[in-house]
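The values are calculated or read from the model by the stated rules, or taken from the named source; none is laboratory data. Since the model is a prediction, treat every value here as computed from it, not as a measurement. Every residue, glycine as well, gets a Cβ built from its backbone with ideal geometry; the counts of neighbours run over all protein chains shown.
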Amino acid sequence: MPEVVVTLTYTDKVSPNPEVWKSDLDHLRRRLNHNFPKSWWFWRIEPHKDTGRPHYHILGNLMDGTSPSEFWSWLDPTWCRIIKVARKDAPYVTLVQPFDGDMDKMTRYFSKEEPQHVYKGYIGSWARLTNRWGKMLSKNIPEADRDVFEVGEDTHREIKELIVGSIQTQLKAMEDDFAKMGPLSSRKKAYVLEESIKAKKHYLWQVQRSNFYWSVLERDHIELMHKMLEGKRKAGTL
């Protein structure tokens, strides 16, 4: 069961490059692995409703008895160093709270729809960002929290073909919508859609080229893969 809920934010000096946001989280993952090697985490990134700037929500367990306040004393200076700001200039970039135990509420929150109207000045950044959620130190997640499937080469190939087909369908729908735009269409909407198409093409390329395609899947395709595997398991063909 998770024990802490973490919020990580940025100042107005945040880079508009989403690769920097992902790199910052990866730096944090490495430091967590060094300082809290037994911990495990689920994360989600989303735009702030007022500024469009990215912020992370992270749910996890330290697995060593460290209290939320003790963890915050380590996390706050660590995150400030990662995002290269002085603590005195960024007093509210981190928040650590005890988890209240309501997993249904947290699941709904982590999987909620991302409203596009809050992107503000970071429209292009959010359009280029692929994964919105994931895990850190997943090897430590208790087995009871995992759904394990033993999958052979043929099934891997079927899953990949299913997901590639789904992405291609999504991409075609987006390109059709873009083609229908006329000279009176919103420039902002056209730009967002064009950037989203670029991001979707990159996502398709990642899935097609990677032998570990499941590591880059978006939430809807993880659910699609899980549904397929569950169906195979129930039918006894897995």
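Points to keep in mind about this one:
- Of all residues making up the range 181-238, the number that are closer than 13 Å to Leu171 by Cβ and of a type in the set (Lys, Arg): 3
- Failed item, numbered, when Pro91 is tested on (1) within 30 Å of His34 (Cα to Cα); (2) surrounded by 11 or more Cβ atoms within 10 Å (Cβ to Cβ); (3) not hydroxyl-bearing (Ser, Thr, Tyr): (2)
- Within the range 10-55, the set of residues being among the charged types (D, E, K, R) and either on the phi > 0 side of the Ramachandran plot or touching a Ser or Thr at 6+ places or on another chain (Cβ under 8 Å) (or both) comprises Asp12, Arg31, Arg53.
- Among (1) modelled with pLDDT of 90 or more; (2) in a loop (DSSP other than H, G, I, E, B) - the single one Glu114 does not satisfy: (1)
- Within the range 59-94, the only residue that satisfies the criterion of being touching a residue at least 40 places away in the same chain (Cβ under 8 Å) and acidic (Asp, Glu) is Asp89.
- Selection of the range 117-162 for residues being at positive phi and assigned to a helix (DSSP H, G or I) yields only Lys120.
- Pairs where the first residue, in the range 37-55, is closer than 16 Å to Met136 by Cβ and the second is among the charged types (D, E, K, R) and surrounded by fewer than 18 Cβ atoms within 10 Å (Cβ to Cβ), C-beta under 7 Å, 6+ apart: Lys38/Asp64; Trp41/Lys135; Phe42/Lys135; Arg44/Arg132; Ile45/Arg132
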